[in-house]
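*Asks:* Below is a structure I'd like to ask you about.
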Amino acid sequence: MAEILLSLTIIGVVAAITLPSLTGNINERTWNTQRKALYARFSQAIALMPSLNGYGSLSEGNDSTSATDTAAETFVTEGLSKVLKINNICDSEHLEDCGLPTNITDLNGSNVYSSGLPKTLIDFNDKFNGSWQLGSPGNIYLTGAHSQINTKVAAFETQNGESIAVYYNPYCAADMNAISQYKIQPYLCANFVYDLNGNKGPNTVGKDIGFITALYATDSIVVAPIPINKVGWGTQSDAISLCKKYDSESRPPNIEELMSLFYNKSLIGFKEQGESCYWSSTKISPSSAKALYFSVGIVWAYGIKDRGYSNFCVKR
């Protein structure tokens, strides 16, 4: 009897040690599979839409409460629902009815939204509106402003059980093949924040929470970068090797993926440091590539060996 009890005790201890790790690995594989399937469905659906802008009725007001705004809801009801199977649609005041959590943890483990997702586009990312300056005090070499309509968020559920919030820009621009020095805010058409399993948890970015971004009104590009919470410093030429040091599957983001990270800076737990410029992997010539200033949302092109900037690493 003593030997049986000892054996059961050992089995219990081993199970207590290994079970959480085993369960975590199973969850990770499940989330990865769901993310890839969701991205594939969205990519196919967006490709079937002739244009991503112009949906809804929108009249400007001094704030989101004084503006007539059906843009995001109409984008879902008259646009996405024609090409994607949707079960339920919710307005900005009833996001929880579509299964979206009221508490979200960012990539750094901080409680970024303790009372639910922001209700408007500009609340989600303040860089969509207002004036900005780039450079240190006394040495400001670039100033400007960007004003975007503060559309209300909408939400929906898919037949596969995902909960999706939609931040929509009805005036989004087509890709004008800009080379350098352009604002990226106008190119956002729709930003989707998804929860793969509703309110079940852990409601954490990089696990069951993520984002998909649709860019450019026509010939749209859909990206869903999975950010890795590590960055390195170096030239664009160093970016690939820097990312490989952190994870064999990671790589530098292309310019559209980097734009998506900018739009979702609150979810990835981005903290501004100085000019906050990051390299993309998108080259415009063998010796020049695009970099993005997260401080303001401006793209520039630089020589790939000329400047040392930070590097985000992502999985696709």
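The values are calculated or read from the model by the stated rules, or taken from the named source; none is laboratory data. If you're wondering where the values come from, they're calculated on a predicted model, not measured in any experiment. Please note: Cβ atoms are built from the backbone with ideal geometry, for glycine as well, and neighbour counts cover all protein chains shown.
*Asks:* Quick check on L8: is it under 20 Å from L188 (Cα atoms) and either at pLDDT below 75 or not basic (K, R) (or both)?
*Replies:* Details: under 20 Å from L188 (Cα atoms): no; either at pLDDT below 75 or not basic (K, R) (or both): yes.
When the stated conditions are applied, L8 does not pass them.
*Asks:* Now for a different question. State yes or no: is N125 at positive phi and either surrounded by fewer than 23 Cβ atoms within 10 Å (Cβ to Cβ) or outside the structural domain of F262 (by TED's automatic domain parsing) (or both)?
*Replies:* Details: at positive phi: no; either surrounded by fewer than 23 Cβ atoms within 10 Å (Cβ to Cβ) or outside the structural domain of F262 (by TED's automatic domain parsing) (or both): yes.
No.
*Asks:* Checking N169 against (1) more than 21 Å from V112 (Cβ to Cβ); (2) surrounded by fewer than 22 Cβ atoms within 10 Å (Cβ to Cβ); (3) in contact with a Phe, Trp or Tyr (Cβ under 9 Å, 6 or more places away or on another chain); (4) not hydrophobic (A, V, I, L, M, F, W, C): exactly one of these is not met. Which one?
*Replies:* (2)
*Asks:* Looking at segment 204-221, which of its residues are part of a strand (DSSP E or B) and under 13 Å from D175 (Cβ atoms)?
*Replies:* Step one: list which residues in segment 204-221 are part of a strand (DSSP E or B), which gives 204-205, 209-215, 221.
Correct list: A214, L215, I221.
*Asks:* Residues in segment 205-221 that are over 18 Å from G116 (Cβ atoms), of a type outside the set (A, V, I, L, M, F, W, C) and within 12 Å of the chain's Cα centre (by Cα): how many?
*Replies:* Final tally of qualifying residues: 2.
*Asks:* I need a count of the residues in segment 222-255 that are in a loop (DSSP other than H, G, I, E, B), free of Cβ contacts under 8 Å to residues at least 60 places away in the same chain and within 12 Å of the chain's Cα centre (by Cα). Steps first, please.
*Replies:* Taking segment 222-255 first, the residues in a loop (DSSP other than H, G, I, E, B) are 224-225, 235, 247-250, 252-254.
Now restrict to residues that are free of Cβ contacts under 8 Å to residues at least 60 places away in the same chain: 248, 254.
Still in the running and within 12 Å of the chain's Cα centre (by Cα): none.
The number of residues fulfilling the criteria is 0.
*Asks:* Also, quick follow-up: Criterion first (modelled with pLDDT under 90 and over 16 Å from I298 (Cβ atoms)) does P202 satisfy it? Give the derivation first.
*Replies:* On the way: modelled with pLDDT under 90: no; over 16 Å from I298 (Cβ atoms): yes.
Against the criterion (modelled with pLDDT under 90 and over 16 Å from I298 (Cβ atoms)), P202 does not qualify.
*Asks:* Residues D238, D208: which one is crowded, with 18+ Cβ neighbours inside 10 Å, closer than 30 Å to E96 by Cβ and of a type in the set (D, E, K, R)? Walk me through how you get there before you give the answer.
*Replies:* Numbers: D238 fails: closer than 30 Å to E96 by Cβ.
After ruling out the rest, the residue left standing is D208.
*Asks:* Still on this model: Of all the residues that make up segment 157-172, how many are under 19 Å from the mean Cα position of the chain (by Cα), closer than 15 Å to S220 by Cβ and in a loop (DSSP other than H, G, I, E, B)?
*Replies:* So the answer is 3.
*Asks:* Which one of S241, S237, S285, S281 is small (G, A, S), out of contact with any strand residue (DSSP E or B) (no Cβ under 6 Å at 6 or more places or on another chain), more than 23 Å from S110 (Cα to Cα) and modelled with pLDDT of 90 or more?
*Replies:* Step by step, each of S241, S237, S285, S281 is checked, and only S281 is small (G, A, S), out of contact with any strand residue (DSSP E or B) (no Cβ under 6 Å at 6 or more places or on another chain), more than 23 Å from S110 (Cα to Cα) and modelled with pLDDT of 90 or more.
*Asks:* Now for a different question. Being touching a Pro at 6+ places or on another chain (Cβ under 6 Å) and either free of Cβ contacts under 8 Å to residues at least 24 places away in the same chain or surrounded by fewer than 17 Cβ atoms within 10 Å (Cβ to Cβ) (or both) is the filter here; which residues of segment 285-314 pass it?
*Replies:* Listed by number, the list is empty, since nothing qualifies.
*Asks:* Only one residue in L267, L258 is in a helix (DSSP H, G or I) and either modelled with pLDDT of 90 or more or more than 19 Å from D126 (Cα to Cα) (or both). Which one?
*Replies:* On the way: L267 fails: in a helix (DSSP H, G or I).
Of L267, L258, the one residue that is in a helix (DSSP H, G or I) and either modelled with pLDDT of 90 or more or more than 19 Å from D126 (Cα to Cα) (or both) is L258.
*Asks:* Name the residues in segment 124-151 that are out of contact with any Phe, Trp or Tyr (no Cβ under 8 Å at 6 or more places or on another chain) and either over 25 Å from T213 (Cα atoms) or modelled with pLDDT of 95 or more (or both), would you?
*Replies:* Q133, S136, P137, G138, N139, I140, Y141, L142
*Asks:* Condition first: acidic (D, E) and farther than 24 Å from E78 by Cβ. Can you find one or more residues in segment 175-189 that meet it? Show your work before the answer.
*Replies:* The first filter runs over segment 175-189 and keeps only residues acidic (D, E), leaving 175.
Narrowing the set further to residues that are farther than 24 Å from E78 by Cβ leaves none.
Among the residues of segment 175-189, not one is acidic (D, E) and farther than 24 Å from E78 by Cβ, which makes the answer no.
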